1. Taking into account only those residues within segment 194-226 that are polar (S, T, N, Q), closer than 22 Å to Leu496 by Cβ and part of a helix (DSSP H, G or I), which is farthest from the chain's Cα centre (by Cα)?
2. Suppose we filter Ala485, Ala505 for residues that are at pLDDT below 95 and in a helix (DSSP H, G or I); which single one remains?
3. Would you point out the residue of segment 452-475, among those that are touching a residue at least 60 places away in the same chain (Cβ under 8 Å) and within 22 Å of the chain's Cα centre (by Cα), that is nearest to Lys503 (Cα to Cα)?
4. So which residues in segment 253-272 are in a helix (DSSP H, G or I) and surrounded by 11 or more Cβ atoms within 10 Å (Cβ to Cβ)?
5. Do the conditions hold for Met365, that is, is it surrounded by fewer than 18 Cβ atoms within 10 Å (Cβ to Cβ) and over 27 Å from the mean Cα position of the chain (by Cα)?
6. Working only within segment 314-353, note down all residues that are in contact with a Leu (Cβ under 8 Å, 6 or more places away or on another chain) and either charged (D, E, K, R) or surrounded by fewer than 17 Cβ atoms within 10 Å (Cβ to Cβ) (or both).
7. Picking from Phe447, Phe478, which residue would you name as being without any contact (Cβ under 8 Å) to a residue 24 or more places away in the chain, open to solvent by less than 80 Å² (accessible area, probe 1.4 Å) and in a helix (DSSP H, G or I)?
8. Just to check your reading of the model, which residue among Arg435, Arg470, Arg461, Arg411 is out of contact with any helix residue (DSSP H, G or I) (no Cβ under 7 Å at 6 or more places or on another chain) and at pLDDT 95 or above?
Amino acid sequence: MASDGVRKQFWKRSNSKVPGSIQHVYGAQHPPFDPLLHGTLLKSTPKVPTTPVKAKRVSTFQEFESNTSDAWDAGEDDDELLAMATESLNSEVVMETAHRVLRNHSQRQRQPSQKEMPEPEPQPMTEPPVAPSADLRLVKSVSESHTPCSSESTSDSVPLQRSQSLPHSATVSLSGTSDPHALGGSALTKREASRLDKFKQLLAGPNTDLEELRKLSWSGIPKPVRPMTWKLLSGYLPANADRRPATLQRKQKEYFAFIEHYYNSRNDEAHQDTYRQIHIDIPRMSPEALILQPKVTEIFERILFIWAIRHPASGYVQGINDLVTPFFVVFICEYIDQEDVEKVDVSSVPAEVLRNIEADTYWCMSKLLDGIQDNYTFAQPGIQMKVKMLEELVSRIDERVHRHLDGHEVRYLQFAFRWMNNLLMRELPLRCTIRLWDTYQSEPEGFSHFHLYVCAAFLVRWRREILEERDFQELLLFLQNLPTAHWDDQDVSLLLAEAYRLKFAFADAPNHYKK
């Protein structure tokens, strides 16, 4: 407890006018009292005892404060704090802020058709109350941020000072936009242009920072820079810009040396079974509009046959053929202005350009398969292991779905084997696969490790539909023909975000998915 000596009051008032502060409410028992002007008149008063039923005399806050000492008591330093606040306060800034709040409020009142979030109505401040010095930074930051732009529109101004602490998107929604969809579209376009500039600046440097490139690419790669970005992230091209032309020339020359040396042996007895299987599988690929073009068929046959001959440990396995398509489409779209990647026509592409694209596709696909080759060796042990890990992971993250599948005797190998073998290419449209691979190439071990969490998120994504099915045949039919034909980049981004969350929770905690 404090002594009974005379001491100054902690809550002091200043003559400076500051908006947004708490103002003392005075009644008949609490007349206005300025401790700065009458500090010497304050004397400690003995505390008047009160009872819950009836108070004989109501004690004032000054009496309570004079008999209380706690961590909030700043003592004699109050005068210095108030003096600093008074000196640093700009009256013009304060008045400009007050007028702006009132003007913005009146403008919104003239737009009754707009839907706004409920906001506290600003009070007219005829006599601005005192503000603690802690609020001074907020008032100044709001005023300074708006002072240069005196003719801002309603959608750009911020009526509430507290909304300055919100993100930009939240601030826009609070301001009452008449057409949020149009605003979102323009903001998205600006964002895409900004991201494209970042990619171009990064790729234009003498030595590309691959770590920074991966960070940028995780949320998607703009179409104009995707071919070069994929070549860098896959390890096909070096980070040093001066070495890239020579590397491209050397690799393309090396690939066509393989063609000249091996391709004529495709009808030999030792290799004819491999070539026949490739020849059968290619027309079954998608999209048909691309694959059924004779030039494309020949290119794919050469790529797959050369890879199989040069990798005898696995040879050609069904499923590898699907992995050629994304690389080929991305690289050829550099020379074709075609929005729909599933309707690419290669007839207008010069033969020399097609040759280079073929070589680039071969090497990038080889880099991918180097990381998941155990998926395609004898008995495909890599896929067997990943399907088992998927089953254990789903049993941890959604036990009800896992029990539902198990109760209807649906085995994960019956639907998830294809997910691992084809990297979900048979489950998603090609445009979505390309977006998915943007992130896979940005992730460490994206095709071999992160893909597991994508498959888990993909299965749980259909939770409601799975639980509604009560029959083995219907369940399996649904899981083998998932309705993703109308998916777009946003659906893939949501899937990847959920997969990243699962990876963050389970990747470094293996006991979470081990029974």
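The values are calculated or read from the model by the stated rules, or taken from the named source; none is laboratory data. Worth saying up front: this structure is predicted, and the values here are computed from it rather than measured. Heads up, the Cβs are rebuilt from the backbone with ideal geometry, glycines too, and the neighbour counts pull from every protein chain shown. To get the accessible areas, we keep the full protein, side chains included, count just its heavy atoms, and leave off ligands, DNA and RNA. Shrake-Rupley method; radii C 1.70, N 1.55, O 1.52, S 1.80 Å.
1. Here is the first cut: in segment 194-226, the ones polar (S, T, N, Q) are 194, 201, 207-208, 217, 219.
Imposing the further condition that a residue be closer than 22 Å to Leu496 by Cβ reduces the set to 194, 217, 219.
From what's left, part of a helix (DSSP H, G or I): 194, 217.
Values: Ser194: 16, Ser217: 11 Å.
By that ranking, first place goes to Ser194.
2. On the way: Ala485 fails: in a helix (DSSP H, G or I).
The unique qualifying residue is Ala505.
3. Going through the qualifying residues, I end up with Tyr453.
4. Applying the first criterion (in a helix (DSSP H, G or I)) to segment 253-272 yields 253-267, 272.
Within segment 253-272, Glu254, Tyr255, Phe256, Phe258, Ile259, His261, Tyr262, Tyr263, Ser265, Arg266, Gln272 meet the criteria.
5. Values: surrounded by fewer than 18 Cβ atoms within 10 Å (Cβ to Cβ): no; over 27 Å from the mean Cα position of the chain (by Cα): yes.
Against the criterion (surrounded by fewer than 18 Cβ atoms within 10 Å (Cβ to Cβ) and over 27 Å from the mean Cα position of the chain (by Cα)), Met365 does not qualify.
6. Those that are in contact with a Leu (Cβ under 8 Å, 6 or more places away or on another chain) and either charged (D, E, K, R) or surrounded by fewer than 17 Cβ atoms within 10 Å (Cβ to Cβ) (or both): Asp322, Glu342, Lys343.
7. Working: Phe447 fails: without any contact (Cβ under 8 Å) to a residue 24 or more places away in the chain.
Just one listed residue meets the conditions, Phe478.
8. Arg411
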